[in-house]
Amino acid sequence: MSLEGGILLSLCLIILFLVGSVILNAILISKILKTKNQEKETRNSLYKALHSAKNGIREQWVKSISDNIYRNEIEVEFKLIFPLLLFLGYSPNDLQIRVNVNIQVGREKKTPAADWIVWKDGKPYFVIEAKKPEQTITREVLDQARSYAYGLNLNKYVVTNGKKIEVYIRGNEFDTKILEVSDEQIEDQWENIRHVIGK
């Protein structure tokens, strides 16, 4: 074989090698994309299943909420407030419990503890004042929750005794009640609750 024939043969082999590499790479990329699509489909299916399960659990919880027996304020927090906030899309990291708040009462400064502060987008969003079930939601209870909201510079506050949930927007002179729901209405009012205090 001549030198030119050898070079030509070498070039043909190199071209065959390159074409083979391109074909092999195309096959590998095709398999990777197929695997990624399968992973994406699996992830989407898993997400849908988890979402469906969460909704099913929420629906069971909402249907049974009016059957809850609360013996004290802690049970209101454990059986109503915490699951409610989770089902509204908050994570445990969005919640602070027993937070000291600087407030002014007349000329005196006090630092009582707000029951719950709920965070949204990295900022405090609203405060929740929990009461035992036999405690009616009086002006005094509302003033307490309002003082926490004011001390934290929040516009929204929530008060509940387990049997009723009330949500207020703090105003300059008067506060506005934007939601009042009894435990028996939570199922029917879920979308309103989610709209007013959901994440």
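Computed values, structure above
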quantity: Table column - 3J(HN,Hα) (Hz), the range 173-184, Karplus curve with 6.51, -1.76, 1.60, x for Gly and Pro; calculated: 9, 10, 8, 10, 6, 9, 7, 9, 9, 7, 4, 6
quantity: DSSP-loop trypsin sites (Lys or Arg not before Pro) across the range 58-91, with at most 14 other Cβ within 10 angstrom; calculated: Arg71
quantity: Amide H contacts of Lys120 (H built 1.01 Å from N, under 5 Å, at least 5 apart or other chain); calculated: Tyr125
quantity: Inter-site label distance for Thr136 and Ile69 at 7 Å from Cα along Cβ, in nm; calculated: 2.5
quantity: Other-chain or far-sequence residues with amide H under 5 Å of Leu179's (modelled H); calculated: Val167
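Read-outs throughout are calculated quantities, based only on the coordinates presented, and are distinct from any laboratory measurement. What you are looking at is a predicted structure, and each value in this text was computed from that prediction instead of being measured. Using ideal geometry, Cβ is built from the backbone for each residue, glycine included, and neighbour counts are taken over all protein chains shown.
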